[in-house]
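Below is one structure, written out as structure tokens; comments come after it.
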Amino acid sequence: ECFSSVKCFLSLYRFQACVYFASVFQAMSCGIHYLASVFMAVTPNFVCGFPGNVSSVLFHNSSASNIEDIWTLWTSAENYIVVQLENGEIWELDQCSRSKREVGLDLAYEYKGNKSVFPCSDGFLYDDTKWKSTVVTQWDLVCDREWLAKLIQPTFMLGVLIGAVIFGDIADRLGRQRVIWFTSAGQFVFGIAVAFTFDYYSFVIVRFLLAMVSSGYLVVAFVYVTEFVGIKARTWASMHVHAFFAMGIMVVALVGFLVRTWWVYQIFLSIATLPFVLCCWMLPETPFWLLSEERYEDAQKVIDTMARWNKVSTPCKVSELCSVQQDDLASGRTGDDDTSSTKKHNILDLFCNWQIARRTITVWLIWFTGSLGYYVFSLSSVNLGGNEYLNLFLIGAVELPCYIIACVAMDKLGRRNTLIPFLILSALICVLIMFIPQDFNILIILANMGGKFSIGVAFGLIYLYTAELYPTIVRSLAVGSGSMMCRVGSVVAPFCVYLRSVWIFMPLLLVGIMALLSGILTIMLPETLGKPLTNTLVEATEMGRNKKSYSEKTPPAHSGAALEKIELFGQERVSADK
């Protein structure tokens with residue numbers, strides 16, 4: 001059914017297909033900037049600098065004339081290097097301090113005599129065999145400044161959180177088209193600007209702004225393509241926005257492999273989606289938003305353009321749509337005495353009774369766990385051993401089939417019956433990785449790919465499942481609050497990865513516990529496959545208590561019939577025109 005939806009999408013909706021692929025192409029840039037720091041902010045091997053010119057270098061039993069020849073022998077941060085200067089002084093170089101031997105005897109690695117300890121006032125020496133330059137080496141973000149390096153990714157994710165809130169609201173006020181224009185241009189401008197920042201603080205500030213526009217684009221792009229794509233292809237189309245994000249991760253791995261200087265690397269990443277920036281001004285506003293703003297003439301122009309592209313000889317008329325919508329509103333007023341539709345709703349409505357409150361807590365936990373697991377697996381991929389570039393590429397590539405599996409499974413098995421096994425599977429994989437010997441690099445990488453695959457299915461599915469679990473009056477609020485928990489998970493994820501320094505398996509343990517807990521709690525959620533969308537909190541509560549009786553009693557909702565006509569342009573008309 002997934003592939004038939006794709007075929008239907010491409011054959012019946014040529015205009016929507018062009019708009020869709022143009023929009024999601026730029027989603028790659030979001031994946032690029034979200035994960036760019038895995039190589040840009042890497043910390044290579046380093047030791048304290050020394051005052052003067054070196055004549056010989058000693059590392060255990062190996063000697064060399066310069067430090068560059070020693071890095072291949074470096075195995076641990078606890079190691080130190082002994083250097084003899086041209087003036088005869090002998091220094092022991094640790095990572096965050098240096099010691100001058102008081103008695104200059106023959107050069108030897110072990111020394112029992114007196115030493116004077118000095119700070120690293122002459123800077124640091126970095127291993128540049130893998131990375132010629134990173135932001136860490138650029139501004140010496142090591143030792144007592146190491147915490148600044150660890151704040152790079154969390155501050156970016158904080159910008160992601162704030163950007164999602166700000167631009168989501170702006171898109172509702174000013175339109176999707178303008179926000180897409182601004183955020184697309186912003187990603188390019190701020191992306192290039194990052195490469196030319198002059199110090200750490202300007203770097204973090206510009207990256208924060210880049211995070212805001214990247215997140216803003218991704219949030220609005222989901223809404224934009226959903227409002228353009230027809231009902232039959234909506235599940236496939238919305239799920240595969242994630243796939244283009246994953247392709248951005250693969251681009252990061254490829255560019256990181258080819259470019260080893262951080263500012264050049266950043267420029268190449270930023271120009272990867274430049275073609276979209278040059279043509280995004282051609283994208284139209286969605287008829288949904290234009291109708292909501294009562295801009296009927298503009299909506300009619302977009303509808304006529306869609307009709308010409310889709311070869312529909314009798315396109316929909318806005319006047320017809322408005323009359324249908326007014327009929328729906330009138331029937332809603334006479335057939336339903338519930339005044340909740342006119343009531344102002346807030347976050348407390350998601351906890352109006354025990355059934356809904358339990359559902360909200362579970363859904364929030366799934367959003368948080370999905371985001372936490374997604375970024376923990378992604379950010380940790382470069383620390384798995386072997387080729388870090390290949391590891392990140394595979395972690396991105398494994399997402400592509402996972403969304404196809406998710407599309408098929410959620411329509412065949414149901415939303416809940418797909419979510420539960422994949423959440424529990426991701427927890428089991430986290431435990432399995434802990435028992436794999438550390439020298440089995442290939443097996444560890446494959447297990448991490450499996451964990452990313454399973455958490456990716458759950459992460460992609462929760463968007464649609466959340467919308468189906470809540471009634472119309474609080475549906476946007478539920479999805480928005482869940483998305484906020486997702487952003488919180490993305491902010492926490494980098495700190496979770498840093499816990500590897502406490503225990504190498506600590507991040508996996510935390511993700512495994514959260515995934516297992518989420519999977520168990522999901523059992524209590526109702527299945528929504530084949531169920532009509534609910535309109536009131538009473539109906540949503542009834543769906544949770546008595547699933548069978550609810551599916552027999554509740555008729556499909558009539559609201560939105562007018563807008564559904566826009567989506568398909570009356571599929572019957574298209575078929576008749578053929």
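Pull out a ≥ b ≥ c, the square roots of the eigenvalues of the alpha-carbon gyration tensor of segment 46-129, then state rounded if a/c is under 1.5, prolate if not and a/b is larger than b/c, and oblate in the remaining case.
Rounded is the answer for segment 46-129, as its axis ratio a/c remains below 1.5.
Which of the peptides 214-220, 302-308, 417-423 is most tightly packed, and how do the rest follow, going by the mean number of other Cβ atoms within 10 Å of each residue?
Peptide ranking by packing, descending: 214-220, 417-423, 302-308.
For a quick check: with amide H placed at 1.01 Å from N, whose amide H comes under 5 Å from S55's, ignoring anything fewer than 5 positions away on the same chain?
Correct list: Q84, L85, E86.
If you roll a 1.4 Å probe over the heavy atoms of the protein chains, what accessible area per residue do you get for segment 423-506, in Å²?
39
Could you grab the relative contact order for segment 348-544? Cα pairs under 8 Å, six or more apart, rounded to a whole percent.
37
With only Lys, Arg, Asp and Glu charged, each at its Cβ (+1 for the first two, -1 for the last two), find how big the charge dipole of segment 350-456 is about the Cα centre; round to the nearest 20 debye.
540
With +1 on each Lys and Arg Cβ and -1 on each Asp and Glu Cβ, how big is the dipole of segment 46-129 about its Cα centre, in debye rounded to the nearest 20?
280
May I ask you to give the solvent-accessible area per residue for segment 53-112, in square angstrom, as obtained with a 1.4 angstrom probe?
Counting only protein heavy atoms, the per-residue value for segment 53-112 is 56 Å².
Identify the trypsin sites (Lys or Arg not before Pro) of segment 343-394 meeting these criteria: DSSP loop state and at most 10 other C-beta atoms within 10 Å of the C-beta.
Counting only loop positions with at most 10 other Cβ atoms within 10 Å, the trypsin sites (Lys or Arg not before Pro) in segment 343-394 are K343, K344.
Taking H as built 1.01 Å from N, whose amide H comes closer than 5 Å to the amide H of R98, not counting residues under 5 places away?
F118
Multiply the residue separation of V117 and L446 by 0.36 nm, subtract the distance between their alpha-carbon atoms, and state the gained length in nm to one decimal.
This chain segment gains 113.9 nm when fully extended.
Modelling each spin label as a point 7 Å along the Cα-to-Cβ direction, I'd like the S62/N387 distance in nm, to one decimal.
2.3
Separation between the Y109 and T305 pseudo-spin-labels, each 7 Å from Cα along Cα→Cβ, expressed in nm?
Here the modelled spin labels are 7.0 nm apart.
May I ask you to give the percent of accessible area on segment 160-305 that is carbon plus sulfur, with a probe radius of 1.4 Å?
Answer for segment 160-305: carbon and sulfur cover 72 percent of the accessible area.
To one decimal place, what Kirkwood hydrodynamic radius in Å is obtained for segment 150-215 from all pairs of distinct Cα atoms?
Averaging 1/r across every pair of different Cα atoms and inverting gives 12.0 Å.
What percentages make up the Cα-Cα pair-distance distribution of segment 348-544 when the bins are 10 Å wide from 0?
10, 36, 33, 16, 6, 0
Give the peptides 386-396, 495-505 in descending order of average Cβ contacts within 10 Å, highest first.
386-396, 495-505
Per residue, how much accessible surface does segment 194-256 expose to a 1.4 Å probe? Answer in Å², no decimals.
Accessible area per residue: 29 Å².
Do any trypsin sites (Lys or Arg not before Pro) in segment 99-166 lie in a loop, going by DSSP, with at most 15 other beta-carbon atoms within 10 Å of their beta carbon, and if so which?
Qualifying residues, ordered by number: K112, K130, K132.
Please report, in cubic angstrom per residue, the volume enclosed by the convex hull of the alpha-carbon atoms of segment 130-281.
Roughly 118 Å³ of hull volume per residue.
Between I205 and R145, what is the label-to-label distance in nm when each label sits 7 Å out along the Cα-to-Cβ direction?
According to this spin-label approximation, the distance is 1.8 nm.
Starting from the Cα of L432, move 7 Å in the Cα-to-Cβ direction to define the label point; list residues of segment 353-377 whose amide nitrogen is under 20 Å from there.
What the label zone holds, given the 20 Å backbone N cut-off, is 370, 373-377.
How big is the dipole moment of segment 348-544 about its Cα centre under a simple scheme where the beta carbon of each Lys and Arg is +1, that of each Asp and Glu is -1, and everything else is neutral? Debye, nearest 20, please.
With Lys and Arg at +1 and Asp and Glu at -1, about 120 debye.
Over segment 348-544, with every protein chain in place, what whole percent of the accessible area is carbon and sulfur at 1.4 Å, could you tell me?
77
The values are calculated or read from the model by the stated rules, or taken from the named source; none is laboratory data. Just so it is clear, the model here is predicted, and its values are computed rather than measured. Don't worry about glycine lacking a Cβ; one is built from the backbone with ideal geometry, like all the others, and counts go over all protein chains shown. The protein model used for the area step is the full one, side chains on, heavy atoms only, and it has no ligands, DNA or RNA in it. Shrake-Rupley method; radii C 1.70, N 1.55, O 1.52, S 1.80 Å.
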